[in-house]
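A short write-up of the structure that comes next.
The values are calculated or read from the model by the stated rules, or taken from the named source; none is laboratory data. Here the structure is a predicted model, which is why all the values come from computation and not from measurement. Methodologically, a virtual Cβ is constructed for each residue, glycine included, from the backbone with ideal geometry; neighbour enumeration extends over all protein chains shown.
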């Protein structure tokens with residue numbers, strides 16, 4: 001099922017929260033750290049797991065599901081009083097009570113901090129109720145800060161190799177953002193990609209292929225989508241650029257791949273875009289190209305370049 | 001031939017800050033994707049496009065310089081961005097066709 005493999009909207013929207021829509025602070029009790037995403041925004045549980053370098057205690061194949069809030073507390077009465085549905089609970093209370101409270105408050109999962117693990121009875125309750133249970137070595141403060149940083153896209157590279165290292169081979173994993181209709185800054189993400197590759201010292205021809213492909217992908221977002229996240233990752237063997245956009249999607253990918261096919265407006269053509277060569281250019285310049293698109297949701301473009 | 005020689009020989013007007021570079025050929029297009037697909041590193045790019053995104057495009061294909069023909073006015077944002085990336089933006093009042101005629105007469109530039 002493409003839709004389950006490809007939760008475009010869910011996977012990217014967590015990064016569009018913006019500073020205005022987020023608040024930090026104490027809840028009414030003044031005793032707990034309380035971190036809230038605004039209603040309507042979502043973040044993937046996987047992102048939280050990566051940010052915390054957490055390990056899974058209990059999870060069906062549902063780490064891709066999204067949550068809207070994080071609630072951090074050790075007092076379960078607070079969770080029940082103030083917790084909002086569709087949250088993840090961060091807690092140092094590794095008892096059955098924590099799992100039950102999270103379930104009662106309609107949370108999606110619980111992250112136990114400071115390396116705590118609940119007993120088997122709690123895990124069974126979680127399994128029966130489709131709750132995700134994770135555990136992290138971080139303390140409450142660091143856990144909150146790292147989730148927030150991950151959501152802002154400012155997670156620092158850490159020596160212990162947490163969220164930014166998806167695999168031991170990953171040399172670099174960098175995220176950038178493109179706004180649709182932003183012709184003023186169009187091309188700046190690909191310019192940044194080029195600078196990064198140049199700094200690392202890759203072969204000129206490889207840099208060119210990556211830069212051109214990324215530019216075409218970027219222009220497609222500027223012309224047709226609302227916004228996108230660009231992930232540049234580098235391993236010893238491959239440079240990978242993934243552009244995940246939120247937008248109208250491509251109804252017929254095969255048609256879009258045809259040279260000369262374009263849905264650009266006259267205005268875009270006047271700027272010299274929309275010759276229908278974008279995707280063919282990417283195909284020509286990349287070693288592997290994959291497009292998945294869902295109309296009304298968005299498009300995911302994956303490009304790989306062998307080093 | 002480098003950028004500086006070219007400016008002198010053709011009477012081009014430099015708009016941005018840049019370092020002179022060797023020019024190894026010419027590419028003409030006003031469609032950005034054509035440029036991405038066809039322009040080679042070190043090429044002179046002739047166009048009438050003046051908006052800011054020509055700078056990343058020129059930078060990405062590593063063009064030696066961009067010549068804006070037909071006396072088209074270049075927005076200051078384009079010039080500023082080009083200066084930041086050391087991309088030469090040159091301007092001429094000649095239409096593309098006439099400039100090409102002059103370029104063609106100037107060996108050793110060849111496509």
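Against the conditions (1) more than 13 Å from chain A (Cβ to nearest Cβ); (2) assigned to a loop (DSSP other than H, G, I, E, B), residue B:4 satisfies every one except (2).
So which helices (runs of 4 or more DSSP H) are wholly in region A:201-307 and hold at least 2 residues that are within 14 Å of chain B (Cβ to nearest Cβ) and under 18 Å from the mean Cα position of the chain (by Cα)? I'd like the intermediate steps shown before the answer.
Numbers: elements: A:204-224, A:253-257, A:266-270, A:278-285.
Of the helices (runs of 4 or more DSSP H) lying wholly inside region A:201-307, those with at least 2 residues that are within 14 Å of chain B (Cβ to nearest Cβ) and under 18 Å from the mean Cα position of the chain (by Cα) span A:204-224.
Considering (1) modelled with pLDDT under 90; (2) more than 30 Å from residue A:271 (Cβ to Cβ), the lone condition that residue A:153 does not fulfil carries the number (2). Screening A:183, A:141 for residues that are modelled with pLDDT under 90 and within 14 Å of chain B (Cβ to nearest Cβ) leaves exactly one candidate, A:183.
When you look at residue A:206, is it crowded, with 22+ Cβ neighbours inside 10 Å, more than 20 Å from residue A:181 (Cβ to Cβ) and touching a strand residue (DSSP E or B) at 6+ places or on another chain (Cβ under 9 Å), yes or no?
Numbers: crowded, with 22+ Cβ neighbours inside 10 Å: no; more than 20 Å from residue A:181 (Cβ to Cβ): yes; touching a strand residue (DSSP E or B) at 6+ places or on another chain (Cβ under 9 Å): yes.
For residue A:206, the condition - crowded, with 22+ Cβ neighbours inside 10 Å, more than 20 Å from residue A:181 (Cβ to Cβ) and touching a strand residue (DSSP E or B) at 6+ places or on another chain (Cβ under 9 Å) - is not met.
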